1. Report whether or not ALA287 is surrounded by fewer than 19 Cβ atoms within 10 Å (Cβ to Cβ), modelled with pLDDT under 95 and more than 26 Å from the chain's Cα centre (by Cα).
2. State all residues of region 139-189 that are among the β-branched types (Val, Ile, Thr), within 22 Å of SER211 (Cα to Cα) and surrounded by fewer than 18 Cβ atoms within 10 Å (Cβ to Cβ); if no residue qualifies, say none.
3. Could you grab the pairs with beta carbons closer than 6 Å, sequence gap of 6+ or different chains, first residue in region 126-145 and under 13 Å from TRP258 (Cα atoms) and polar (S, T, N, Q), second one modelled with pLDDT under 95 and outside any loop (DSSP other than H, G, I, E, B)?
4. Say we look at region 215-249 and pick out the residues that are over 8 Å from the mean Cα position of the chain (by Cα) and among the hydroxyl-bearing types (Ser, Thr, Tyr); which of these is nearest to ARG157 (Cα to Cα)?
5. Can you find, within region 31-51, the residue that is modelled with the lowest pLDDT among those that are of a type in the set (S, T, N, Q) and either under 18 Å from ILE153 (Cβ atoms) or buried (at least 21 other Cβ atoms within 10 Å of the Cβ) (or both)?
6. Condition first: surrounded by 20 or more Cβ atoms within 10 Å (Cβ to Cβ) and either assigned to a loop (DSSP other than H, G, I, E, B) or modelled with pLDDT under 95 (or both). Now tell me which residues in region 221-247 satisfy that.
7. Which is closer than 27 Å to ILE130 by Cα and touching a His at 6+ places or on another chain (Cβ under 9 Å), of ALA220, ALA147, ALA233, ALA170?
8. Scan (1) part of a helix (DSSP H, G or I); (2) more than 30 Å from GLY176 (Cβ to Cβ); (3) modelled with pLDDT of 90 or more; (4) not polar (S, T, N, Q) for the single condition ILE28 breaks and write down its number.
Amino acid sequence: MDWAQALSRRGATFIGNTGYGYGDASLIAYSERLSLQFATIINQRGSSAISVGEALKRAKHEYFNTLGEGSLSNYDEKVLAQWTLFGLPMRSARVPASQSTDTTGPSMPQHIQTAPVQLDANLVAITRTIVPTLTGRDTVDGRYYQASNDAQILSGRPTQPRTYVEIGFAGTRAHGVLLIGGSIRDETLNPVVTRIITDDTYIAQEPEFDSAGFYPARIATVNSLLGLDGRYAEKLVLVPGQFRPTSVTPTTGQQRLWERLDVVTYHAPYTVSDFVEPTLNLVRGWAYPAHVNFTVGAADLSGIQRVTVLYRALDMKTWSLVELQPHTTLSDTWSASISRPSAGVEYIAQVVDTAGNVALRSDYGNPFRPVVARSVYLPLARR
């Protein structure tokens, strides 16, 4: 007789892994996180009971739909696939001391949004300002930050703050998110680098993390999950922290924290099936004595809706946006100029297509730096 059979005989419902469960050496992650989300949902239904099957479904949906850009790993897939219910899913649970608030997991950040703007028949834009609550945590392995009580934990990577905002808009699906501003602060720290653990596997030494650029390279993404009820659960997932190592043994470096993020989310009707980002094939910045010129080349089968550069002076904490205009002589090319800051400038390029998909280009995780334009005078020889 196994555990599931023994518990069923006593009228219990058993939820367990059909393979090895995973966790993190320092933080709550993977199977531990999914278990916590399930327990949170069961506990926060107030006086109305929820079936264990529904709670399990919602926990898996929440786990999947709050992952940041590029953070779905093979470990996450296994965690979601192997957590199995043995028993009757329609059985309900009521926790006497449960709270009345019906939430799942971490709290949402301070969030302000403008009224939706209809750009054309197939595209709606909503501007949002997000101010995450960033909290530093110290452990024996180093220091990490949470955003609104949540963090992105990925094997072999520095733990970064994570938060999300519900962005569903009736009759549409979210296609992309454009960064249009924000403010940052930097500090030096020893990050917590994730170590996978199981019942019989434990990596005693924290792994090194080596990268030439900031991790993660992209801090905002749109997640869309279609439920069995035919509805889409859409979230804007933000990772308002980026780490770039300056030393590997041990790993220490520059932690960048986004204290405010200004974004635009793009939404298109269900009939729009284009979810392919536009192609960014050229990004150039030239610094002249009084100004900086930006040039961006882009293409998309549906057409280009908007081309932007997000930049900041190196002695400033705020980021600003400049809109690029079609080049007067070059096709599929856009350009713009700004006054040259005395301290220098760094920037990233972004392109929006007519379906609302957004492409972002950085220098392998780092913001670009413009090239200083120089004039070379050659001697003139006369016959």
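The values are calculated or read from the model by the stated rules, or taken from the named source; none is laboratory data. Bear in mind the structure is a predicted one, so any value in this text is a computation, not a measurement. All Cβ positions, even for glycine, are placed from backbone atoms using ideal geometry, and neighbour counts span all protein chains on display.
1. no
2. Going through region 139-189, the residues among the β-branched types (Val, Ile, Thr) turn out to be 139-140, 153, 159, 163, 165, 167, 172, 177, 180, 184, 188.
When the remaining residues are screened for being within 22 Å of SER211 (Cα to Cα), the result is 153, 159, 184, 188.
Within region 139-189, THR188 is the sole residue that qualifies.
3. What qualifies is THR129/ILE112.
4. TYR215
5. Here is the first cut: in region 31-51, the residues of a type in the set (S, T, N, Q) are 31, 35, 37, 40, 43-44, 47-48, 51.
This time we only want the ones that are either under 18 Å from ILE153 (Cβ atoms) or buried (at least 21 other Cβ atoms within 10 Å of the Cβ) (or both), so: 31, 35, 37, 40.
Numbers: SER31: 95, SER35: 95, GLN37: 93, THR40: 89.
The qualifying residue modelled with the lowest pLDDT is THR40.
6. Result: VAL239, PRO240.
7. Working: ALA220 fails: touching a His at 6+ places or on another chain (Cβ under 9 Å); ALA147 fails: touching a His at 6+ places or on another chain (Cβ under 9 Å); ALA170 fails: touching a His at 6+ places or on another chain (Cβ under 9 Å).
None of the other options fit; the residue is ALA233.
8. The failed condition is (1).
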